[in-house]
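Enquirer: Below you'll find the structure I mean.
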Amino acid sequence: MARKWITPSRVEGDASRQAHADMPAGTFEREISKEGFFGPAAFFHHKRPPTGWVNFEGPLRPRAFDLAAIKGANASPWAATRVLHNNAVEMRFWKLDAPMPALARNGDGDQLLFVHKGAGDLFCDYGHIAFEAGDYLMLPRGTMWRMAPASSASILMIEATNSHYTLPDKGLLGPHAIFDPAMLDAPKINDAFRAHQADDKETRVEIKKRGEVSVATYPYNPLDAVGWHGELSPVRLNVRHIRPIMSHRYHVPPSAHTTFLSDRFVVCTFAPRPFETDPGALKVPFFHNNDDYDEVLFYHAGDFFSRDNIDAGMMTFHPSGFTHGPHPKALKNMLEQKKPATDEYAVMIDTRDPLNVGESIGAVENRDYVNSWRT
């Protein structure tokens, strides 16, 4: 049933009538919105930055983790460090430095692998597909697979627990905007796959279900399909093939960069794009209270223009319920950027349900991150 929001539209006091543009001189805009950035919103104009706290205590504090600092590699994805999780999503950071000795199979939900570093080959029920840094690899629930990196790989794994991934509705933009579905590559039954089948030895399959791992051992390599047809398969999409939408007169919200949808969370990709050129348009992310979603950002590559002291391989976590936005250094470029375009790649995960922090991830946490908004 469609919602009928309670929305008395009005303008009060000294305020802009257009979101993210033409703010009263010397003010800082803050958005409060429903359903992430999809529902009704209110826009406030403050005399001071809304993140000007001098102290912040309690579990709601913003957090940052240097995932690149996680030590050691794991042969199994199910042994990888769990970073954040709830009943609908699980995020792990996995370092793999040699071919997986066993096959993996996720019985809990579709698996999204984002390759942060490394390159190599993935073999699965459907065939072979190569991977490189910047690739998303979406593996449907129940797929048997293994990765064989050519060099040490670092992978962000995002599980759609008890659910699946779909593509966003691109609406007025049409189905070919952001990325054309023709850019989604599927595995092939090729010479590399047939060579993998020829290694027909006893094979273990590590099956994760309800968070526990069972092992099925075959006296042969069970990736032995000679053909397949249908609409369901793994897909590969590289971030360099994403063409973000933008407006030269308006800073579009993060929801415009949605790449994959699940039932209780979205995965978005921030890719290089031109800055807004309208003199009155905001040119940095706006301050906002996203009170319905927890927000997670994984920084993949480039110059992260809205954050200080953030390096590739780091992840920030902003629980719903407090105001956040650009750091003080970025605010200096709020209305005028020194460069013509951004050059960052980042993965954002917005979750409808509160996230829990992994048991061992505190070892790589930057506990001073909460103070990074201080002027």
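Enquirer: List the strands (runs of 3 or more DSSP E) that sit entirely inside region 121-169 and contain at least 3 residues that are under 14 Å from the mean Cα position of the chain (by Cα).
Expert: Counting at least 3 such residues, we get 135-139, 153-161.
Enquirer: Could I ask something else about it? Take the residues in region 77-87 that are open to solvent by 10 Å² or more (accessible area, probe 1.4 Å) and of a type in the set (A, V, I, L, M, F, W, C), then tell me which one is farthest from ALA216 (Cα to Cα).
Expert: Filtering first and then ranking leaves ALA79.
Enquirer: Across region 37-82, what is the total count of residues that are of a type in the set (Asp, Glu) and either at positive phi or out of contact with any Asp or Glu (no Cβ under 8 Å at 6 or more places or on another chain) (or both)?
Expert: Total meeting the criteria: 1.
Enquirer: Restricting attention to strands (runs of 3 or more DSSP E) lying wholly within region 20-115, give those where 2 or more residues are at pLDDT below 95.
Expert: Result: 28-33, 41-46.
Enquirer: Quick test for you: out of ASP263, ASP303, pick the one residue that is farther than 28 Å from ALA153 by Cβ and either at pLDDT below 90 or within 19 Å of the chain's Cα centre (by Cα) (or both).
Expert: ASP263
Enquirer: Let me ask another. Could you say whether any residue in region 184-198 is surrounded by fewer than 11 Cβ atoms within 10 Å (Cβ to Cβ), within 26 Å of the chain's Cα centre (by Cα) and among the charged types (D, E, K, R)?
Expert: No, that holds for no residue.
Enquirer: A further question on this structure: Out of curiosity, is ALA15 in a loop (DSSP other than H, G, I, E, B) and touching a residue at least 24 places away in the same chain (Cβ under 8 Å)?
Expert: When the stated conditions are applied, ALA15 passes them.
Enquirer: If you don't mind, there's one more thing I want to ask. Is it the case that VAL296 is buried (at least 19 other Cβ atoms within 10 Å of the Cβ) and either within 20 Å of LYS170 (Cα to Cα) or touching a Cys at 6+ places or on another chain (Cβ under 6 Å) (or both)?
Expert: Here the answer is no, as VAL296 does not meet what is asked.
Enquirer: Another one. Determine, yes or no, whether ARG307 is touching a helix residue (DSSP H, G or I) at 6+ places or on another chain (Cβ under 8 Å), open to solvent by 50 Å² or more (accessible area, probe 1.4 Å), within 27 Å of ARG48 (Cβ to Cβ) and not hydroxyl-bearing (Ser, Thr, Tyr).
Expert: In short, no.
Enquirer: Go through region 105-120 and give me each residue that's buried (at least 22 other Cβ atoms within 10 Å of the Cβ) and over 20 Å from the mean Cα position of the chain (by Cα).
Expert: ARG105
The values are calculated or read from the model by the stated rules, or taken from the named source; none is laboratory data. As the structure is a computational prediction, the values presented were derived from the model and not from experiment. Here the Cβ is made from the backbone with ideal geometry for all residues, glycine too, and neighbour counts use every protein chain on show. With ligands, DNA and RNA removed, areas are computed over all heavy atoms of the protein, side chains included. Shrake-Rupley method; radii C 1.70, N 1.55, O 1.52, S 1.80 Å.
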